[in-house]
Amino acid sequence: MSFIIEETIAQLVENIRSEYQENKNLSEGTLSMLSYLFDFTATQALDLVDHKCVSHIVSSSGRELYKVQRNTSEFHICLKNSNYCTCPSFIFHVLKKEHFMCKHKLAVILSSAMGLCKEVQYADETITLMLVGE
């Protein structure tokens, strides 16, 4: 991702944080900017946010990651400080530079900015198993 895109996204996230903190919703302008930058991925990510699918997980040793779970049988892991997700879209679209990020990572960014993540604490062993896909 280019520096200009990263800075644009960072500024947008800061706007989302302050806008949501003040109004508890996002303006049409903000939603339009999300749609412009992320196309349909923005709609999918906002759906995940609306359904409270994002959990911020902290291990007993302080490691952090995010779990995005829409149903009981499937979840995806996003790392805190990188644009990484365990979903197929990350591999097939993000790594090929067709999209800036997948819907899961965007949902994590939006949920964090709006303060809507479920806070969960797990043992280190549990997080290790989640990362290796068990």
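Oblate is the label for the range 70-134. Its Cα gyration tensor axes, ordered a ≥ b ≥ c, give a/c of at least 1.5 and b/c at or above a/b. Summarising the label geometry, the points placed 7 Å from Cα in the beta-carbon direction at GLU119 and ILE5 lie 3.4 nm from one another. A straight line joining the Cα centroids of the range 2-38 and the range 88-134 runs 19 Å.
Each stretch of four or more DSSP H residues adds -39500 (n - 2.57); spread over every residue of the chain, this sum gives -15000 deg cm²/dmol at 222 nm. Here the relative contact order of the chain, from alpha carbon pairs under 8 Å that lie six or more residues apart, stands at 28 percent.
Remark: the LEU79-GLU22 segment gains 17.7 nm on full extension, using 0.36 nm per residue and subtracting the alpha carbon distance.
Working from Cα pairs under 8 Å separated by at least six residues, relative contact order for the range 1-80 is 14 percent.
Looking at the chain, how many pairs of lysines come closer than 25 Å at the Cα, when each pair is eight or more places apart or spans two chains? Lysine pairs, 8 or more places apart or on different chains, close enough: 26. Bridges between two residues of the chain, per DSSP, are antiparallel at a rate of about 70%.
Here the Karplus relation 6.51 cos²θ - 1.76 cosθ + 1.60, evaluated at θ = phi - 60°, turns the backbone of the range 110-125 into coupling constants of 5, 4, 5, 4, 8, x, 10, 6, 6, 8, 9, 10, 10, 5, 4, 4 Hz, with x for every Gly and Pro.
Here the Kirkwood formula puts the hydrodynamic radius of the chain at 15.3 Å, using every distinct Cα pair.
No value in this document is a laboratory result; all are computed from the given coordinates. Every value quoted in this text rests on a predicted model; they were computed, and no experiment measured them. Methodologically, a virtual Cβ is constructed for each residue, glycine included, from the backbone with ideal geometry; neighbour enumeration extends over all protein chains shown.
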